[in-house]
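*Asks:* One structure is given below, represented as structure tokens, and several questions about it will come after.
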Amino acid sequence: MTTNASECFNDVLKPARGMPIQALVCATYYHTIDLFLKQQENTIGWESEAVPPYIPRVRVMLRKHAEEAESCLG
């Protein structure tokens, strides 16, 4: 489990090796944002499916968290 997580982290940082610290932080930041945007697209797709993968209670919780997250963007 630990090796797998560290390998994933290594793959994220591999393109940024040899860069100054500021560039490394920016590369990590933008990669993280990209992952969040991809997950958001997946979630939007799930909501429109005829048979959603989540039970109603979980969908309500996800919608609530999404609303709270949108209020943080402002």
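*Asks:* Quick one: length gained pulling residue 55 to residue 27 fully straight, 0.36 nm per residue minus the C-alpha distance?
*Replies:* Numbers: separation 28, 0.36 × 28 = 10.08 nm, distance 3.62 nm.
6.5 nm is the gain from fully extending residue 55 to residue 27.
*Asks:* Hey, another quick one. Rounded to the nearest 500, what is the chain's calculated 222 nm mean residue ellipticity when only DSSP H runs of at least 4 contribute -39500 (n - 2.57) each, over all residues? Mind showing how you got there, number by number?
*Replies:* Working: 3 runs with 57 residues, N = 74.
Estimated from H runs of four or more residues: -26500 deg cm²/dmol.
*Asks:* Give the order of 26, 8 when sorted by the count of other beta carbons within 10 angstrom, beginning with the fewest. Display every interim value, and only then the final one.
*Replies:* On the way: 26 13, 8 9.
Listing 26, 8 from fewest to most nearby Cβ atoms yields 8, 26.
*Asks:* What does the convex hull of the Cα atoms come to per residue for the chain, in Å³? Don't jump to the answer; show the numbers that get you there.
*Replies:* Details: hull volume 10.4 nm³, N = 74.
Hull volume normalised by residue count: 140 Å³.
Readers should treat all values here as calculations from the given coordinates under stated rules, not as data from a laboratory. This one's a predicted model, so the numbers in the text were calculated from it and none came from an experiment. Cβ: placed from backbone, ideal geometry, glycine included. Neighbour counts: every protein chain shown.
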